[in-house]
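First the structure, in the form of structure tokens, and then the observations on it.
Derivation of every value follows stated rules applied to the coordinates shown; laboratory data play no part. None of these values were measured; they are calculated from a predicted model. Backbone-built Cβ (ideal geometry, glycine too); neighbour counts: all protein chains shown.
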Amino acid sequence: MNLDKLMQKRHFLTSLAVAAALCSPSAWSQEKFKIGLILPMTGPFASTGKQIEAAAKLYMAQNGDTVAGKKVELIVKDDTSAPDVTKRIAQELVVNDKVSVLAGFGLTPLALATAPIATQSKTPLVVMAAATSSITEASPFIIRTSFTLPQAAVGLADWAPKNNIKKVVTLVSDYGPGIDAEKYFKDRFTFNGGQVIDTLRVPMRNPDFAPFLQKVRDAKPDAVYVFVPSGAGAALMKQFAERGLDKAGIRLIGTGDVTDDDILNGMGEVAMGVITSHHYSASHNSPLNKKFVEAFSKANAGLRPNFMAVGGYDGMRVIYEAAKATKGVGGQALLDAMKGQVFESPRGPVFIDAQTRDVVHNIYIRKVERVGGQLYNQEFETIKDVKDPGKSR
Ligand code: VNL
């Protein structure tokens, strides 16, 4: 064989090898399953983004970065908590990156702004944080793994009147989740014989709680019932003490957003004894949660996971299991495989209601106590398998 022929033969063999490699299963496995995770990573709600990103990464570290033979690519984007930015990023992720799932959504307006993108592109959208009841009704492609404010609100409205709290002023952040928290607390509390003597709404951005707390003080209720979004609780608690409401014998109760595990430990004495209702506490007593808290803390320089982290962690679970079921196929099939999932979460048992696409879980009544030198929301009562009361309108 002359040199020319030998070269030709070599070339042919190389081409064959390349073609074979392209058709081999290992090449197919290089195909990607992309998840677009849109979060507020900067600005006043950055702690929510940080918690959810850390939880999603922990889930992947524990469960592998391939699913249904495809490599999982998590694309994290910062929307700075501006709805128009969230929507634009979602569009880019769908059109350019061809993601199979949109996930994250730190605040209600961010989820609502993006809902039309999910509907138009038939892309499942997993809400891991935002919690206004109506969000799941904004698109048939929305699934929620966080919680809803009506779920959290009604538990405390049942507990309070049985525990010497008869007269309440509500004080909520003036947007979707705050209005849900106010309405569902007020209706149920009143039904139970309690009295809401004033309903105060505080601007959502850069809130100054002082004038509102002064009003509460003047009204002399048994308790002030609060909702503020995750991250804002520390400022509220500080002003509550500065205004002397605790000294005046006014109790603070609310949904667990105010005693968020991310910031609770820094609140100090004023938080002691605060009663809240919520779906997750870092001190939830289960072997699975102990493992979760330990692994999360280890991977994140001692950070304590809050309820946002759990929404992110469970959201990844729902996405992974759905992708396994569809062998990585997206769209309607992926959405359908997310519906009806039942599993144990660090928060306790979880069910994704196939009809409403919303999360069903336990709500716990908790009290802030010192455990081993640290402040925790200690669960002392469980209301089992709570569906979103907002869906039965
Ligand atoms: C929302 C609800 C945001 C509860 C939160 O923290 C929260 C929301 C940022 O739906 O906007 O704790």
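Structure notes:
- Ordering of 76-82, 123-129 by packing [mean C-beta count within 10 Å, highest first]: 123-129, 76-82
- Within region 197-219, backbone nitrogen closer than 16 Å to the virtual label 7 Å beyond the Cα of residue 174 toward Cβ: 199-216
- Each Cα pair under 8 Å and six or more residues apart adds its separation to the average, and for the chain the resulting relative contact order is 17 percent.
- The chymotrypsin sites (Phe, Trp or Tyr not before Pro) of region 307-367 include none that meets both criteria, a DSSP state outside H, G, I, E and B (loop) and at most 11 other C-beta atoms within 10 angstrom of the site's C-beta.
- Spin-label model, residue 327 to residue 265: label points 7 Å out along the Cα-to-beta-carbon direction sit 4.7 nm apart.
- Sites matching trypsin sites (Lys or Arg not before Pro) across region 213-301 that sit in DSSP coil, with at most 15 neighbouring C-beta atoms within 10 Å: 247
- Screening the chain for whole DSSP H helices with an alpha carbon extent of at least 15 angstrom along the helix axis and a mean Kyte-Doolittle hydropathy of at least -0.5 yields 3-23, 46-63, 83-95, 108-121, 149-159, 287-299, 307-326.
- Share of alpha-carbon pairs per 20 Å distance bin for the chain, given as whole %: 28, 52, 14, 4, 1, 0
- Long-range HN-HN contacts of residue 227 with modeled amide H, under 5 Å: 171, 172, 173
- Those lysines that a straight Cα-Cα span of less than 29 Å connects to residue 186, excepting residues fewer than 8 apart in one chain: 162, 166, 167, 215, 220, 238, 247, 367, 384, 387, 391
- Percent of beta bridges antiparallel (DSSP, the chain, rounded to nearest 5): 40 percent
- Proximal aspartates and glutamates to residue 327, defined as alpha-carbon separation beneath 19 angstrom and excluding residues fewer than eight positions away on the same chain: 31, 65, 73, 336
- With bins 10 Å wide beginning at 0, the percent of Cα pairs of region 165-229 falling in each bin runs 23, 54, 22, 1.
- Per-selection metrics, region 195-345 (Cα): Rg and Dmax in Å: 19.5, 61
- Each listed q (0.10, 0.12 Å⁻¹) maps to a log10 I(q)/I(0) for region 301-393, found by the Debye formula over equal Cα scatterers with no solvent: -0.36, -0.49.
- For residue 385, residues with placed amide H under 5 Å, excluding near neighbours: 362, 363
- Residue separation of residue 195 and residue 122 scaled by 0.36 nm, minus their Cα-Cα distance, works out to 21.7 nm of gained length.
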